[in-house]
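Here the structure comes first, spelled out in structure tokens, and everything after it is commentary.
The values are calculated or read from the model by the stated rules, or taken from the named source; none is laboratory data. This is a predicted model, so every value here is computed, not measured. Neighbour counts run over all protein chains shown; Cβ positions are idealised from the backbone, glycine included.
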Amino acid sequence: MGVPFRIVLYAADATAATNAARAAFQRIAQLNAILSDYDPDSEVSRLCHPKVAGQPTPVSPELWFMLERSQALAKTTGGAFDVTVGPLVNLWRRARRHQELPSTNLVREALAHTGWRQVELDAATHRVTLRGPDVRLDFGAIAKGYAADEALRVLREAGIPRALVAAAGDMAVGEAPPGQPGWKVEVSVSDATNAPPPKILWVHHAAVASSGDIFQRLEIAGRRYSHILDPRTGMPLTDHSLVTVIARDGTTADSLSTAVSVLGPTEGLSLIEATPGAAVRIVRAPPEGHAVEVRESRRFRRWEAR
Ligand code: AMP
Ligand code: MG
């Protein structure tokens, strides 16, 4: 998944802690071997092999779960969240490496292979059909949250409920550390001028995910392009947004943070309010000298340290 995972846990003794942590990391490695688009031998890469196009292919329960959740979110967001962004992601990754914008023709071509309707799920048999040889799946916006959920579950089942699993900006937490109201989480700060100060949250039995363009971006002629793309236009986001979602699990938090980034504050807030237990904070600094905009959903304050 291209990022280091970190586990923090409280256990009765060192042996129990080491064994449980090892099992949790193994589960993360297992999911990486299924979902990574960097690994040419991963289950996803094999599913996207041009020779497999058009054929109903049985997939693992994990890949099925990711596809089911991703397709459902693609439908509710009108394609703002879409794991078929692979061709576009590759195009813009290359652009970042070469510090050069792709031509409109190349964007148009990548767009032609993008869209959630390119993936067909057969719920009865758990078979998946990709409609063309150029369809590429990318779970970069949802898999880290899922892996954090799974690692946390492994720890819980090993008798360790007080734990935190974090992968870059995504984390899932169980019971609070001893004597604490929760896990203390500092919400990343936007690097925009006049950005508001950081916020401190206390979280337990929940997940926190952040999406933004602070760490991964392409800058050309003074304009910053995010690693998050709008699959409807083929273009990266340019509104300098930093979106932090709190949800009941990592899969939900991770996917929603990306979805809200693309949808923008108005539609994004409605999506969050409609999701049981979810909350969001959006900090945006659109270009062209507009003021920094901060929006929070109703449930966000519930998690804030006072
Ligand atoms: P995140 O950091 O969780 O917001 O995920 C961003 C990653 O998800 C990118 O690096 C891409 O691999 C992928 N991605 C980019 N745009 C989208 C999108 N609109 N829907 C789904 N995945 C995306
Ligand atoms: Mg995400």
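The condition of being without any contact (Cβ under 8 Å) to a residue 24 or more places away in the chain, more than 8 Å from ligand 1 (Cβ to nearest atom) and out of contact with any Ser or Thr (no Cβ under 7 Å at 6 or more places or on another chain) does not hold for GLY234. Assessment of the range 69-85 against the conditions (touching a strand residue (DSSP E or B) at 6+ places or on another chain (Cβ under 7 Å), within 16 Å of ligand 2 (Cβ to nearest atom) and among the β-branched types (Val, Ile, Thr)) yields at least one matching residue. Among the numbered conditions (1) within 15 Å of the chain's Cα centre (by Cα); (2) away from ligand 2 (no atom under 16 Å from the Cβ), the only one that TYR146 does not meet is (2).
From the list LEU155, LEU121, the one residue that fits, being hydrophobic (A, V, I, L, M, F, W, C), at pLDDT 95 or above, over 19 Å from the mean Cα position of the chain (by Cα) and within 23 Å of GLN26 (Cα to Cα), is LEU155.
Checking the condition at pLDDT 95 or above, assigned to a loop (DSSP other than H, G, I, E, B), out of contact with any strand residue (DSSP E or B) (no Cβ under 7 Å at 6 or more places or on another chain) and under 29 Å from GLY115 (Cβ atoms), which residue from ASP37, ASP41 passes?
Only one candidate qualifies: ASP41.
As a summary of the residue check, GLY268 satisfies the conditions (1) within 12 Å of ligand 1 (Cβ to nearest atom); (2) part of a helix (DSSP H, G or I) except for the one numbered (1).
Identify, from the list GLU150, GLU100, the residue that is part of a loop (DSSP other than H, G, I, E, B) and closer than 30 Å to GLY212 by Cβ.
Criteria check complete, one pass: GLU100.
Test VAL262 against the criterion of being farther than 28 Å from LEU137 by Cα and within 16 Å of ligand 1 (Cβ to nearest atom), and give yes or no. Criteria not met by VAL262. Among the candidates ARG22, ARG27, ARG46, the residue that is more than 14 Å from ligand 1 (Cβ to nearest atom), basic (Lys, Arg), in contact (Cβ under 8 Å) with a residue 40 or more places away in the chain and outside any loop (DSSP other than H, G, I, E, B) is uniquely ARG27.
Cβ-Cβ distances below 9 Å connect no pair with a first residue in the range 123-138 that is free of Cβ contacts under 8 Å to residues at least 40 places away in the same chain, a second residue that is surrounded by 15 or more Cβ atoms within 10 Å (Cβ to Cβ), and a separation of six or more residues or different chains. Pairs linking a residue in the range 61-83 that is of a type in the set (A, V, I, L, M) to a residue that is modelled with pLDDT under 95 and part of a loop (DSSP other than H, G, I, E, B), with Cβ atoms under 7 Å and 6 or more positions apart or on different chains, do not occur.
Does GLU150 count as crowded, with 19+ Cβ neighbours inside 10 Å, acidic (Asp, Glu) and over 21 Å from THR233 (Cα atoms)?
yes
Being away from ligand 2 (no atom under 16 Å from the Cβ) and either at pLDDT below 95 or not in a loop (DSSP other than H, G, I, E, B) (or both) is a property that does not hold for VAL135. Scoring THR104 on the criteria (1) farther than 30 Å from PRO178 by Cβ; (2) in contact (Cβ under 8 Å) with a residue 40 or more places away in the chain leaves a single failure, condition (2). Does ASP254 satisfy being within 8 Å of ligand 1 (Cβ to nearest atom), among the charged types (D, E, K, R) and surrounded by fewer than 22 Cβ atoms within 10 Å (Cβ to Cβ)? So ASP254 does not fit the description; no.
Evaluate the following for ALA279: is it in contact (Cβ under 8 Å) with a residue 40 or more places away in the chain and either out of contact with any Asp or Glu (no Cβ under 7 Å at 6 or more places or on another chain) or polar (S, T, N, Q) (or both)?
Against the criterion (in contact (Cβ under 8 Å) with a residue 40 or more places away in the chain and either out of contact with any Asp or Glu (no Cβ under 7 Å at 6 or more places or on another chain) or polar (S, T, N, Q) (or both)), ALA279 does not qualify.
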